[in-house]
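Beneath this line is the structure, given in structure tokens, with notes to follow.
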Amino acid sequence: MDDRARVAELLGRPPRGAFDVVVRDRSGDPVVVRNAPFLDDGTPMPTRYYLVGTELVRAVSRLEAAGGVRRAEEEIDRQVIAETHRRYAAERDAAIPDDRPGPRPAGGVGGTRTGVKCLHAHVAHLLAGGDDPVGRWAIARLDPTVLEHVGAGDGSATRTAPTVEDQRREST
């Protein structure tokens, strides 16, 4: 199955824009995609990195349902979060030609400018190689067995990011 078909299956709908798979699990299944800054219809797409790996999406959803967004905002300095949003937006915006007319994507991680909107987006950013303290915070609170297929550290997972074990060590 090609990436577009598999990502459509994981999302439960066809992708609405171009993307690259930037993190795969050991079996080669997509875990994180990097979205183009615009959807196919020209709509700005603020979310650069999107978590699509089924087990990891479920684990992060459980963390969010248990108050993870609020707890992350309480435990991580607001200025640190704001700087993460600025770096994320700058990376996304660098992929947009200067002469492109019309509206542009806005906001940082998950399209927000302040605070934490979505732990999934922060985890995706971290796994794709971003310096994301919210993503590190979330990874440190997930069951390590959920992460084994993504970051075994044995070279069998394909990513542009450090292993999950490296991320866990940095967060403790």
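Taking only C-alpha pairs under 8 Å that are 6+ residues apart, what is the relative contact order of the chain in percent? About 25 percent, as a whole number. For the chain, the 222 nm mean residue ellipticity estimated from helices alone, with every DSSP H stretch of n ≥ 4 adding -39500 (n - 2.57) and the total spread over all residues, rounds to -12500 deg cm²/dmol. The Cα atoms of the stretch 1-100 define a convex hull whose projected area, averaged across directions, is 8.0 nm².
Could you work out how much longer the chain between D20 and L39 gets when fully extended? Use 0.36 nm per residue separation minus the Cα distance between them, nm to one decimal.
Details: separation 19, 0.36 × 19 = 6.84 nm, distance 1.33 nm.
Full-extension gain reported as 5.5 nm.
Taking the Cα centre of the chain as origin, sum charge times position over the Cβ atoms of Lys and Arg (+1) and Asp and Glu (-1), and report the length of that vector in debye to the nearest 20. Intermediate results must be reported in sequence, preceding the final value.
On the way: 25 positive and 27 negative charges, 80 e Å.
Dipole magnitude for the chain comes out near 380 debye.
Below 8 Å between Cα atoms, with a sequence gap of 6+, how large is the relative contact order for the stretch 1-79 in percent? Over the stretch 1-79, the number comes to 20 percent.
Classify the stretch 3-171 from the C-alpha gyration tensor, please: rounded if a/c falls under 1.5, else prolate or oblate depending on whether a/b exceeds b/c. Could you put the intermediate results ahead of the total?
Details: a/c = 1.70, a/b = 1.17, b/c = 1.46.
Judged from the Cα gyration tensor, the stretch 3-171 comes out oblate (a/c at least 1.5, b/c at or above a/b).
Between L39 and M45, the built amide H atoms are under 5 Å apart, and every one of these is 5 or more places off in sequence or on another chain.
None of the figures in this text is laboratory data; all of them are computed from the coordinates on show. No experiment lies behind these values; they were computed from the predicted model shown. We place every Cβ from the backbone using ideal geometry, glycine too, and count neighbours over all the protein chains shown.
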